[in-house]
Amino acid sequence: MASRYPEVLAAWQRDPQAFWAEAAQEIDWIEKPRTIFDPKAGVYGRWFPDAVCNTSWNAIDRHVHGGRAAQPALIYDSPMAGEQRIYTYAELLEEVRTLAGVLEEFGVTKGDRVVIYMPMVPEASFAMLACARLGAIHSVVFGGFAAKELATRLNDAKPKLVLTASCGLEPGRTVAYKPLLDQAIELAEAKPNAVMILQRPQLKAALVDGRDHDWHERVEDARRNGRAADCVPLLATDPLYILYTSGTTGIPKGVVRDNGGHMVALKWSMWNLYGTKPGEVYWSGSDIGWVVGHSYVVYAPLLHGATSIMYEGKPVGTPDAGTYWRVISEHKCVALFTAPTAFRAIKKEDPKGEYVKRYDLSHFRTLFLAGERADPDTVKWAQDVLQKPVIDHWWQTESGWCMVGNPVGLGTMPVKLGSPSVPMPGYAIDVLDEACRSMKRGEMGSIVVKLPLPPGCLPTLWKQDERMRESYLDEFPGYYKTADAGYVDEDGYVYIMGRTDDIINVAGHRLSTGGMEEVLASHPDVAECAVIGVKDDLKGEVPCGFIVLKAGVNRPPNEIETEVVSLVREKIGPVAAFKRAIAIERLPKTRSGKILRATMKKIADQDQWSMPATIDDPVVLDEIADALKKKAG
Ligand code: COA
Ligand code: AMP
């Protein structure tokens, strides 16, 4: 059957406001939107500015009242902890209402920030939804970040309360969160009033008198005393959360998400894009510390009345390369959304897909990939072993949902390997040159979205409207700059070829090489440095640092290389996967002093490269090639 995509896209193009007004009918509003879009409000306009709503209500209460009370809302499956728990919508409501009551006891009210630094446990989801219930703004920090990164986020968000757990579970090691948090609070100028800690049985944390509180004790106390909180009416434009993401400096950007537009867009996506019906089981394999986890582990499946899987484990080694198929078959998932790197990891361990054959995947309909480029080999392998459609789609922390994808619910468009397919309604994608002129079909340029961005996308950066303009809106007036480069083909399919800034994508995790350079430069023996992303068969890209030592340093260079590797782990965290530093005599530069990182990357990737016309001394590039060879061999 022909896809309805062209017709639906045309309806949006004809009248974007009518399109989103209709999508908004899927939401339970306290006060319905009368104005759909106000172009004068905010940095580039605001969606549903006069509507009143609550996200927690739409994610939980409305389903309890609407007949889904006994349906599983959240299934926690943890091969790491050897544990499974199922929460029905009624049970989820009870947990979230009670936790929201506890947050109120800490004085948390509408507009306050709450930092959540937690592993993949159901309580992290409860925490996000409890904040949403009160109109408190949550900011989840990924567990793989180090204390300094956490401190930066504390300083920017200035939370009243921090919610954490005693530990995270990584294969072969238990990550103690509490010492990292203590160190972060020590480093931060903005100290939270209180910390609430979920004590996990694998490792208990010591509590600091007066500041730290035991999660279970507080929740049990509230339950005993019947303390619980109901949903607070919020403006659709009130912030739901801040999620920090890597930017062009070491200071991360606080992406703000609102309540109303976010709900409308996510709800729309669950059927039209992901082809999932209310009542079905949907699994996003991401961590809640990333945007995919926010949107598709916590919010979208619940807004839709589906069942969401929360998985604490890896695609391989927990215990084997069949773990994803086990989860899909055991819980009857209809869709899985993960990063291509997870499939590369499975493919490496089980190239023939032997594990797939051991499980009943009859309920499973579609695999969705995003977070990094889906390389055609991996997509083909997944198609072959699963015999199901594999859908690549492209989005960013900033967008909060898919910008370019293949809408399964509307009817899948033909898949073209290497392209995430076509723009979703809401996104007028263009490809521009430096002078802001549209490129011809097939020609590479900067990918931009014509303003306004659709509902669900960031309205601004936390308390930084000006940085929002500078980072995304000023370079191409009238457009949002995605900072991805690529092209659109004759059929309107978009191809994403790479970033135009310093961001690299390591195992689907977004990292700033600029941030890593700041760390290398802080080593007392390093004069200058450059960090590039180098191709990697498993993680897509991994960082590689080049350091030039200060004159007069006479320690062995490999000692300093080891020290800077440790320094990045200590300052940014293990998630940076920074394992390679190479000491060199000098960096290749242009005559005006710019480091030629793009050429260094091509050399490291063994891609074709040509001598930049502006290079100061061409010999330096041979030195880089030699240094890489020596390090490899
Ligand atoms: N808390 C603490 N440490 C963490 C962590 C967390 N939540 N997540 C990752 N780390 C650590 C890892 O243990 C590892 O530490 P190590 O250097 O001591 O080995 C390091 O950070 C790097 O992690 P990662 O890049 O994830 O590598 P890995 O070898 O542990 O796993 C994959 C590789 C491919 C299996 C894994 O990255 C994966 O499952 N990726 C899919 C990611 C995904 O779905 N992303 C969502 C975006 S859509
Ligand atoms: P994040 O903000 O962590 O979601 O990372 C966003 C970036 O990841 C994008 O700007 C792209 O560079 C990259 N990315 C995400 N999805 C895709 C995809 N499907 N294809 C290519 N790159 C992608």
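The values are calculated or read from the model by the stated rules, or taken from the named source; none is laboratory data. Predicted model only: the values in this text are computed from it and were never measured. Please note: Cβ atoms are built from the backbone with ideal geometry, for glycine as well, and neighbour counts cover all protein chains shown. All accessible areas refer to the heavy atoms of the entire protein, side chains included, with ligands and DNA or RNA removed. Shrake-Rupley method; radii C 1.70, N 1.55, O 1.52, S 1.80 Å.
List of remarks:
- Residues within the range 374-397 that are over 21 Å from residue 363 (Cβ atoms) and away from ligand 1 (no atom under 16 Å from the Cβ), tallied: 2
- Of the listed requirements (1) in a strand (DSSP E or B); (2) surrounded by 21 or more Cβ atoms within 10 Å (Cβ to Cβ), residue 487 misses just one: (2).
- Count of residues meeting criterion [more than 9 Å from ligand 2 (Cβ to nearest atom), surrounded by 21 or more Cβ atoms within 10 Å (Cβ to Cβ) and modelled with pLDDT under 95] in the range 490-503: 1
- Going through (1) within 15 Å of ligand 1 (Cβ to nearest atom); (2) without any contact (Cβ under 8 Å) to a residue 12 or more places away in the chain one by one, residue 369 falls short only on (2).
- Residue check for residue 482: in contact with a Gly (Cβ under 9 Å, 6 or more places away or on another chain), hydroxyl-bearing (Ser, Thr, Tyr) and either free of Cβ contacts under 8 Å to residues at least 60 places away in the same chain or open to solvent by less than 40 Å² (accessible area, probe 1.4 Å) (or both): no
- Odd one out for residue 135 among (1) under 30 Å from residue 234 (Cα atoms); (2) open to solvent by 10 Å² or more (accessible area, probe 1.4 Å): (2)
- Once the range 507-516 is narrowed to residues that are within 12 Å of ligand 1 (Cβ to nearest atom) and surrounded by 22 or more Cβ atoms within 10 Å (Cβ to Cβ), the residue that is farthest from the chain's Cα centre (by Cα) is 511.
- Enumerated strands (runs of 3 or more DSSP E) restricted to the range 208-266, each holding at least 2 residues that are more than 18 Å from the chain's Cα centre (by Cα): 212-214
- The strands (runs of 3 or more DSSP E) found wholly in the range 44-134 include none carrying at least 1 residues that are at pLDDT below 95.
- Selected residue (only one of 317, 400, 353 is open to solvent by less than 20 Å² (accessible area, probe 1.4 Å), among the small types (Gly, Ala, Ser) and away from ligand 2 (no atom under 16 Å from the Cβ)): 353
- Screening residue 548 with (1) at pLDDT 95 or above; (2) in contact with a helix residue (DSSP H, G or I) (Cβ under 8 Å, 6 or more places away or on another chain); (3) more than 16 Å from ligand 1 (Cβ to nearest atom) gives one miss only, at (2).
- Count of the range 138-158 residues, restricted to those that are within 16 Å of ligand 1 (Cβ to nearest atom), open to solvent by 10 Å² or more (accessible area, probe 1.4 Å) and not charged (D, E, K, R), is 4.
- Of all residues making up the range 181-221, the number that are over 20 Å from residue 103 (Cα atoms) and among the polar types (S, T, N, Q): 2
- Single residue of 559, 563 found to be open to solvent by 30 Å² or more (accessible area, probe 1.4 Å), under 34 Å from the mean Cα position of the chain (by Cα) and acidic (Asp, Glu): 563
- Check on residue 340, open to solvent by 10 Å² or more (accessible area, probe 1.4 Å) and of a type outside the set (A, V, I, L, M, F, W, C): no
- Unmet requirement for residue 270, which otherwise passes all of (1) under 22 Å from residue 71 (Cβ atoms); (2) over 21 Å from the mean Cα position of the chain (by Cα); (3) not aromatic (Phe, Trp, Tyr): (2)
- Test for residue 44: is it over 23 Å from residue 155 (Cα atoms), among the aromatic types (Phe, Trp, Tyr) and open to solvent by 10 Å² or more (accessible area, probe 1.4 Å): yes
- Residue match in the range 138-158 (condition: outside the structural domain of residue 516 (by TED's automatic domain parsing), more than 16 Å from ligand 2 (Cβ to nearest atom) and under 13 Å from residue 241 (Cβ atoms)): yes
- Some residue of the range 7-15 being in contact (Cβ under 8 Å) with a residue 40 or more places away in the chain and part of a loop (DSSP other than H, G, I, E, B): no
- Filtered residues of the range 175-196 (kept if away from ligand 1 (no atom under 16 Å from the Cβ) and part of a strand (DSSP E or B)): 194, 195, 196
- Of all the listed residues (542, 506, 548), the sole one being away from ligand 2 (no atom under 16 Å from the Cβ) and of a type in the set (Val, Ile, Thr) is 548.
- Test result for residue 238, acidic (Asp, Glu) and more than 30 Å from residue 17 (Cα to Cα): no
- Condition met for residue 541 (of a type outside the set (A, V, I, L, M, F, W, C), within 16 Å of ligand 1 (Cβ to nearest atom) and within 23 Å of the chain's Cα centre (by Cα)): yes
- Test: residue in the range 600-623 that is out of contact with any Ser or Thr (no Cβ under 6 Å at 6 or more places or on another chain) and under 30 Å from residue 168 (Cα atoms): no
- Subset of the range 62-89 [surrounded by fewer than 20 Cβ atoms within 10 Å (Cβ to Cβ) and of a type in the set (D, E, K, R)]: 62, 83, 85
- Matching residues, the range 472-506, being touching a strand residue (DSSP E or B) at 6+ places or on another chain (Cβ under 7 Å) and farther than 16 Å from residue 445 by Cβ: 472, 473, 502, 503, 504, 505, 506
- Any pair with Cβ under 8 angstrom, 6 or more apart, that starts in the range 569-582 at a residue that is under 19 Å from residue 287 (Cα atoms) and open to solvent by 10 Å² or more (accessible area, probe 1.4 Å) and ends at one that is within 7 Å of ligand 1 (Cβ to nearest atom) and among the aromatic types (Phe, Trp, Tyr): 575/142
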